[in-house]
Each structure stands twice: as structure tokens, then as C-alpha cells.
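Enquirer: The structure that follows is given in the form of C-alpha cells.
Coordinate-derived values only; no laboratory data. Remember, predicted model here, so these are calculated numbers, not experimental data. We place every Cβ from the backbone using ideal geometry, glycine too, and count neighbours over all the protein chains shown.
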Amino acid sequence: MNNIAKYQQDIYRLIVSGDELSKLLAGSNDNLLKFREGYEIWYSEALSLVSALMPIRINDFCSYYDNKNHDSLKKAITFTPPRNYGIEFDGPWDYVPPQQIDFALSLFLNQLNIVKSVKKRFESSLFDIKAVLQADLFDSELDAATELSSKGFMRGAGAIAGVVLENHLSQVCDNHSVRIAKKNPTISDYNDTLKANGVLTVPDWRFVQLMGDLRNLCDHDKKVDPTKEQIKDLIGGVNKIIKTIF
């Protein structure tokens, strides 16, 4: 989840700084040196971002930087010295013809729009990204619980499965904007609240309740340990819940 937050911050920062750079390029020649300094840093960071989150657009993004990729437009543009009609200006930076600046600005705005499209795509798929990461984490924890069970650590295995169930029910509440009154809710609290808000059906509520009861066998200090079959049922039941209740 920290990586997701980092990507969000990077996208936002690059869009803001890109908007500022476009203002410099749209101004006078006095700002060209400032643009060049800021753009080289922006381009490197934006390139990494597009490569990571939207690799299908990486060739398009790079093509707007390198003037050699604009040879097809050369006949329509008669700037001197040669090849100085893209973002990667050749020659002196103290003066660049206005037409060249306008063309470079159009190329830069294309790059900036690609970064903005990354933001839209990233936000639209953010829930899916979180779900995938969380599902992988839960699967790993249930695998660990199964391993503990195979070695005879029934209470430890059941405790891990119970934590997975509790965390998943918490996420289900978030998904449906269901608020829990208790500061430290239990599986039973999540279960009852989700049922009261129409998120869980009665059969699902009863099944979660059964899993909660099996988890309690592991957490409570009793003389009789949970059986291997009970732990197997708990791990299998939690696995079913995280795959079917969202």
C-alpha cells in the first residue's frame, strides 16, 4: 500500500510541475534556460513513471523528446540550425524562434497528457490494485497457517487464519462504507454490522459466525486444543470468504 501512495504522490507532483513547465515554455525566451533545467529532471522522473504504470505508451512518450524522431515534419518546418525544432533544442538557448517554441510546447503537452492519462488509469484501477495486493498477502498468510497446522501448531495456525478473516471483513466494511462503532471490533462485530447493513446474506452471516467460533477456540486459553480437522475447516472457510465476499 505504501507503493500505491508513493505512485499517487509522484503522479500528482509530476502533473503540477509539468503545468508549471508549460507556462515557462509558453512565455518568452527569458524562461528557456529555466525550462531546460526543470524539463530534464521532469522527463527522467516521468519516463520512469510511464515505464512502470503504462509501458504501452513509453515509445510515444520518448518520441516527443528526441528531435530525430520528427524527421517526417522537417519539410514543413524550416528552422535553423538543423534539427532544432523539438523539445531537445539544439544550438544556443539565449534565443529560439517563436515557431520552434510553439512546436516544442505542443510536444511537451503531449508528454504531459500521457502522464495525466496515467493518473486516470491508475485511479480507475486503484481498487483492483489494492484487491490484488491484499489477496496475495492473505493467500501467503493462509499458506503459513497451513504450514503451522501441518507441524502441529494448531492454535498458531488458527490465530493467523482469524487475523486474515478479521482484516478481510474490515476491508469489506470499507468497500461498502459501513462504519463500525467499536474502537477495536471483533469478527462478530464486523459480521453483525455487515448483516445489519444488508451486505451479508443470512447464510453468509452464519458461515462467518461459524468461522469466528472456530477462531475463538484457538485464542482462548482452554485445556483442549482445537483439532486438526477444525483448523483445516477454519483455513478453508476463511479462504472461501476472502474469495467470495467483497
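Enquirer: In nm, give the distance between the simple-model label positions of ALA196 and ASN31, each being 7 Å from the Cα along the Cα-to-Cβ direction.
Expert: Inter-label distance under the simple model: 5.7 nm.
Enquirer: While we're looking at this one, here's another question. Multiply the residue gap between ASP233 and SER63 by 0.36 nm, knock off their C-alpha separation, and tell me the result in nm, one decimal place.
Expert: Roughly 55.5 nm would be gained on extension.
Enquirer: Expressed as a whole number of Å, what is the distance separating the alpha-carbon centroids of region 200-218 and region 134-180?
Expert: 13 Å
Enquirer: Hey, with R₀ at 45 Å, roughly what FRET efficiency would LYS120 and LYS240 work out to, going by the Cβ-Cβ distance, to 0.05? If you can, show how the numbers build up before the last one.
Expert: Values: r = 35 Å, r/R0 = 0.77.
That gives a FRET efficiency of 0.80.
Enquirer: Oh, and also: Measuring from label point to label point, each 7 Å out along Cα→Cβ, what is the THR186 to GLN9 span in nm?
Expert: About 3.8 nm separates the two model spin labels.
Enquirer: A further question on this structure: What FRET efficiency, computed as 1/(1 + (r/R0)^6) with R0 = 22 Å and r the Cβ-Cβ distance, is obtained for SER44 and GLN99, rounded to the nearest 0.05?
Expert: Working: r = 27 Å, r/R0 = 1.24.
After rounding, the FRET efficiency stands at 0.20.
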